[in-house]
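The values are calculated or read from the model by the stated rules, or taken from the named source; none is laboratory data. This is a predicted model, so every value here is computed, not measured. Cβ placement follows ideal geometry from the backbone for every residue including glycine, while neighbour counts extend to all protein chains displayed. The protein model used for the area step is the full one, side chains on, heavy atoms only, and it has no ligands, DNA or RNA in it. Shrake-Rupley method; radii C 1.70, N 1.55, O 1.52, S 1.80 Å.
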Amino acid sequence: MLHTPSGGARGGTATGQESEPMSIGAVLQALRAEFPEVTVSKIRFLEAEGLVEPARSASGYRKFRSEDVERLSRVLRMQRDHYLPLKVIKEHLEAGGEAADCPAVPVVPPRDPEEPEAIPPAPAVRTGRRELLELVGAREAELAEWEKYGLLAAAEEGTYRPADVTVARLVAQLGRYGVEARHLRAVKAAADRQLDLVEQLVAPLRRHPGQRTRTRAESTAEELTELSVRLYGAFVESAAGAPRTRGD
């Protein structure tokens, strides 16, 4: 069991003797009991930021220990409960601090109007319609238009996922540059088609009789989704830097 700083327990790792190294997919499953929105990309990002340093096998695969999973839990808990930036969390943990005695949230200086606006983290729980509008700084008419063009949609109970909040923020920011919801309809359609492709690729794994293979389907889907996002960004960057031909 994985013990939290507050004394609670989480499933997924062993106590006492040293547990077997865990793959990133196994870590994902262990963390999702408390953090259902965590992804493989998030774990890799935290590793890239120096928040966790898993060992590597001879072939380059990550080998997480129970201490690594515990550290990831503390990082995610401090992000969720205290809204701290990763730099502050890292300094706090390196100084031997725990989630229960987090430092105060630092004062953020006024944003330079010439700098692009940063995207704040989305809430870790579902959000109501009015709260979504407040978080994004949008009007009801704008949200209705985004929904009209299928950019996001509320669940049956009228709430929105954390990912929907991020989408709404980005759409709102693009709107300040004159990009309308109708312009983004093709982008959403392309994303949906790519997701359909990912689902087709992992469908055989989901239907496999072996439990380990079925479990691997989720991490495989995360990997493919991350690669798709990176490829889209590379396409945009490549197109932006390509020389213009006559007639463009």
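Summary table
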{"quantity": "Test for VAL171: is it modelled with pLDDT of 85 or more, closer than 26 Å to LEU46 by Cβ, in contact with a Leu (Cβ under 9 Å, 6 or more places away or on another chain) and open to solvent by less than 90 Å² (accessible area, probe 1.4 Å)", "calculated": "no"}
{"quantity": "Lone unmet requirement of (1) in contact with a strand residue (DSSP E or B) (Cβ under 6 Å, 6 or more places away or on another chain); (2) under 16 Å from GLN29 (Cβ atoms) for ALA55", "calculated": "(2)"}
{"quantity": "Given (1) touching a strand residue (DSSP E or B) at 6+ places or on another chain (Cβ under 7 Å); (2) open to solvent by 80 Å² or more (accessible area, probe 1.4 Å), number of the condition GLU70 does not satisfy", "calculated": "(2)"}
{"quantity": "Criterion violated by ALA155 - all others in (1) on the phi < 0 side of the Ramachandran plot; (2) open to solvent by 40 Å² or more (accessible area, probe 1.4 Å); (3) of a type in the set (Gly, Ala, Ser) satisfied", "calculated": "(2)"}
{"quantity": "Pairs, first in contact (Cβ under 8 Å) with a residue 40 or more places away in the chain in the stretch 20-46, second in a loop (DSSP other than H, G, I, E, B) and among the β-branched types (Val, Ile, Thr), C-beta under 6 Å, six or more apart", "calculated": "LEU31/VAL38; LEU46/VAL52"}
{"quantity": "The stretch 43-54, subset open to solvent by 50 Å² or more (accessible area, probe 1.4 Å) and outside any helix (DSSP H, G or I), residue modelled with the lowest pLDDT", "calculated": "GLU49"}
{"quantity": "Matching residues, the stretch 78-92, being closer than 26 Å to VAL229 by Cβ and assigned to a helix (DSSP H, G or I)", "calculated": "MET78, GLN79, ARG80, LEU86, LYS87, ILE89, LYS90"}
{"quantity": "Residues being open to solvent by 50 Å² or more (accessible area, probe 1.4 Å), part of a loop (DSSP other than H, G, I, E, B) and modelled with pLDDT of 75 or more - total across the stretch 115-137", "calculated": "1"}
{"quantity": "Search result, residues across the stretch 55-75 that are of a type in the set (Ser, Thr, Tyr) and either in a loop (DSSP other than H, G, I, E, B) or closer than 18 Å to ALA221 by Cβ (or both)", "calculated": "SER57, SER59, TYR61"}
{"quantity": "Output for the stretch 138-152, where each listed residue is open to solvent by 50 Å² or more (accessible area, probe 1.4 Å) and in a helix (DSSP H, G or I)", "calculated": "GLU140, ALA141, GLU142, GLU145, GLU147, LYS148"}
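Per-residue answers, yes or no, for (1) surrounded by 14 or more Cβ atoms within 10 Å (Cβ to Cβ); (2) at pLDDT 75 or above; (3) in contact with a helix residue (DSSP H, G or I) (Cβ under 9 Å, 6 or more places away or on another chain):
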{"residue": "PHE64", "(1), (2), (3)": "yes, yes, yes"}
{"residue": "VAL75", "(1), (2), (3)": "yes, yes, yes"}
{"residue": "LEU86", "(1), (2), (3)": "yes, yes, yes"}
{"residue": "GLU91", "(1), (2), (3)": "no, yes, no"}
{"residue": "PRO113", "(1), (2), (3)": "no, no, no"}
